[in-house]
Amino acid sequence: QKGILRPPQSVVQRVDFLACAEQFPQEAIFTEAGLWLPHGIVVDLPLYLHHLWKSVLESGVVFEQKKINNREELKDFEVAVFAVGGDFSSFSSLLPDDIQLKAVKGQLLELLWPKEKKPLETVVNGSVYLIPAGDRLLLGATYEKEWIDSDPQSTIATDWLFPKAEAFVPDIRHMPILGCRAGLRGVTRNHRPFVVRAKHPRETWLIGGMG
């Protein structure tokens with residue numbers, strides 16, 4: 001899917017979007033609806049990773065997938081890189097003291113788009129994101145700072161997402177829900193990602209905070 005519309009979420013963001021369009025006129029166009037990125041694309045991540053690993057394996061790399069519970073299990077490797085998303089609980093001792101991570105839950109809904117309804121012309125990325133995908137619409141994502149169950153909970157997801165999505169698709173509540181997905185984001189105090197060495201051993205690297 002090509003093209004992304006970014007509706008501004010505040011006056012400050014609207015000013016920033018206007019400045020972006022003025023600085024990069026070939027890549028960004030400012031409209032009444034928001035910042036239009038005509039060359040923006042959305043990647044199907046599972047499909048992308050599938051083909052990425054296929055390419056890596058064809059080049060001769062050995063890929064072994066198993067659960068790792070601690071750094072000692074990787075002691076035979078010269079370098080270890082941990083990129084475990086929102087669940088750093090098993091490896092918190094590796095994090096430097098100045099990095100604190102909080103797990104924030106995110107959920108998205110997969111909806112059935114009506115055949116008689118004109119499809120969305122672009123991806124929308126604002127207070128929610130809406131991604132047209134054939135006869136489906138992906139709607140996300142919640143940002144649940146307080147949560148009890150990490151599994152998908154469609155009732156919480158619909159209560160969170162539908163009110164925001166109605167500004168773009170007024171009848172979205174009438175669309176059948178095909179599925180609900182959930183995951184955890186690792187969020188730092190300043191909301192910035194990090195790439196750092198572990199406290200010990202030094203040949204260990206940590207990547208996170210992408211939430």
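The values are calculated or read from the model by the stated rules, or taken from the named source; none is laboratory data. Predicted model, so just to flag it, every value in this text is computed and none were measured. Glycine also receives a Cβ, built like all others from the backbone with ideal geometry; neighbour counts cover every protein chain displayed. Surface accessibility is based on the protein's heavy atoms, side chains included, excluding ligands, DNA and RNA. Shrake-Rupley method; radii C 1.70, N 1.55, O 1.52, S 1.80 Å.
Angle, helix 154-165 long axis vs. longest principal axis of the chain, Cα atoms, 0 to 90°, nearest 10?
On a 0 to 90 degree scale, this one is about 50.
Taking only Cα atoms of the stretch 53-94, what ratio of Rg to Rh do you get with Rh as the Kirkwood inverse-distance radius?
Value, to two decimals: 1.02.
Can you put 15, 123 in order of accessible area, largest first, using a 1.4 Å probe?
Result, largest first: 15, 123.
Convex hull over the alpha-carbon atoms of the chain: what's its volume per residue in Å³?
180
Separation of the stretch 193-211 and the stretch 75-97 by C-alpha centroid, Å?
7
Once neighbouring chains are kept in place and the probe is 1.4 Å, which whole percent of the accessible area of the chain is contributed by carbon and sulfur?
Percent of accessible area from carbon and sulfur atoms in the chain: 55.
How much length is gained if the chain between residue 196 and residue 155 is pulled fully straight, taking 0.36 nm per residue apart and subtracting their Cα-Cα distance, in nm to one decimal?
11.0 nm
Using only Cα atoms and rounding to the nearest 10 degrees, what angle (0 to 90) does helix 11-23 make with the longest principal axis of the chain?
Tilt relative to the chain: about 90 degrees.
In debye to the nearest 20, how big a dipole does the chain give about its Cα centre with +1 on each Lys and Arg Cβ and -1 on each Asp and Glu Cβ?
Taking the Cα centre of the chain as origin, the dipole is about 140 debye.
Tell me, what is the per residue accessible area of the stretch 74-142 in Å², probe radius 1.4 Å?
Spelled out: the 1.4 Å probe surface of the stretch 74-142, per residue, equals 53 Å².
Quick one: accessible surface of residue 58, probe radius 1.4 Å, all protein chains present, in square angstrom to the nearest 10.
Counting only protein heavy atoms, residue 58 exposes about 140 Å² to solvent.
Give me the distance in nm between label points sitting 7 Å out from Cα along the Cα-to-Cβ direction at residue 66 and residue 10, one decimal.
About 4.8 nm, to one decimal.
Relative to the longest principal axis of the C-alpha atoms of the chain, give the angle of the C-alpha long axis of helix 45-58, reported between 0 and 90° and rounded to the nearest 10°.
40
Run the numbers on the chain and let me know its relative contact order in percent, using alpha-carbon pairs under 8 Å that are six or more apart.
24
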